[in-house]
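Everything on this sheet refers to the single structure shown next.
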Amino acid sequence: MRTENGTVKVYKNFSEHKSFKTNFSNEGIFGGRLLAIKSKEFITFYDWEHFNVVRRIDVNPSPKNVYWSENGSQVILALEETFYLLNFNSDIVDSAIKKGAVDNEEDGIEDAFTFIEEFNEAISSGVWISNECFVFMNSKGIINYQINSKILKLTSADKKYFILGYDQKQNRLYLIDKSLNLVSFALLVSLVNF
């Protein structure tokens, strides 16, 4: 939870776990492998245990959403008209945190993330269906999937939907529209990863 004065409060089991103050105006908060807090011109990632700055990434405009892969090894920063795919180097970060080499005031650990690719697609919603495959709805109503450095079209939707999630047991991708109508598509991860 973020407050008006820039303080971020983290809750664990419905009770306040820790709070800390950032040195910038907080515009949004995202969860995942790391805690991400965005400002107008950058996004800062923090570790969940001590809330040390892991990495500050200058990106303007700031991301409207952050999507972590299931194992936390990749992250997508979704901006207004583009998105970035980054690798998270957890071994480097863990080593730096253990050594106490994390700088809380500046840019954090330089090698915490590795830039993989920039894609010129606007993501309206998305979900990782495996550690290698990200499925998303773009602003034109097309459901695409990104695997490695390629984007492939899955299908076109007849109207604008929001991706709710993916059920691996049933191999179904679930979507919802503004009228709360549910739609599902069969989507085999083994076929997509092929």
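The values are calculated or read from the model by the stated rules, or taken from the named source; none is laboratory data. None of the values given here were measured: they were computed from a predicted structure. Note: ideal-geometry Cβ built from the backbone for every residue, glycine included; neighbour counts use all protein chains shown. Heads up: the accessible areas ignore ligands, DNA and RNA and are worked out on the full protein's heavy atoms, side chains in. Shrake-Rupley method; radii C 1.70, N 1.55, O 1.52, S 1.80 Å.
Where [x] 1, 7, 15, 18, 18, 15, 12, 8, 4, 1, 0; [y] 1, 8, 15, 19, 22, 16, 10, 5, 2, 0; [z] 1, 8, 16, 21, 23, 18, 10, 2, 0 are the candidate values, the label of the one calculated here for P(r) over Cα pairs in 5 Å bins from 0, in percent is [x]. Partner lysines whose Cα lies under 26 Å from the Cα of Lys12, excluding those fewer than 8 positions away in the same chain, are identified as Lys21, Lys38, Lys64, Lys98. Amide H contacts for Arg172 (H built 1.01 Å from N in the peptide plane; partners 5 or more residues away or on another chain; cut-off under 5 Å): Asp167, Leu187. For the chain, the longest principal axis of the C-alpha atoms and the axis of helix 90-99 are separated by about 10°. The residue among Phe14, Ile109, Ser73 whose Cα reaches farthest toward the positive pole of the charge dipole of the chain, with charges on the beta-carbon of Lys, Arg, Asp and Glu, is Phe14.
How large a share of the accessible area of the range 109-155, in percent, is made up of carbon and sulfur atoms when the probe is 1.4 Å and the other protein chains stay in place? Intermediate values should be presented prior to the final figure.
Values: 920 of 2170 Å².
That fraction is 43 percent.
FRET efficiency for the Phe14 to Asn171 pair, using the beta carbon distance and R₀ = 30 Å, is estimated at 0.30. A dipole drawn for the range 47-194 from +1 and -1 charges on Cβ atoms has a positive end, and of Thr82, His50, Phe136 the residue lying farthest that way is Phe136.
Calculated mean residue ellipticity at 222 nm for the chain: -2000 deg cm²/dmol, from DSSP H runs with n ≥ 4 weighted as -39500 (n - 2.57), summed, divided by the residue count and rounded to 500.
Computed from phi, the 3J(HN,Hα) profile of the range 143-155 under the Karplus parametrisation 6.51, -1.76, 1.60 (θ = phi - 60°) reads 8, 10, 10, 10, 9, 6, 10, 10, 10, 10, 7, 8, 6 Hz, with x in place of Gly and Pro.
Counting pairs of alpha carbon atoms under 8 Å apart in space and at least six apart in sequence, what relative contact order in percent does the range 28-100 give?
Working: 120 pairs, mean separation 13.9, N = 73.
Relative contact order, the range 28-100: 19 percent.
Summing Cβ point charges (Lys, Arg +1; Asp, Glu -1) relative to the Cα centre of the range 1-60 gives a dipole of roughly 80 debye.
Summing charges over neighbours of Gly72, with a neighbour being any other residue whose Cβ is under 15 Å away from its Cβ, gives -4 when K and R count +1 and D and E count -1.
With +1 assigned to the C-beta of every Lys and Arg and -1 to the C-beta of every Asp and Glu, and no other charges, what is the dipole magnitude of the chain about the Cα centre in debye, to the nearest 20?
Values: 21 positive and 25 negative charges, 159 e Å.
Charge dipole of the chain: 760 debye, to the nearest 20.
In this simple spin-label approximation, Glu70 and Ser156 carry label points 7 Å from Cα along the Cα→Cβ vector, and these lie 3.1 nm apart.
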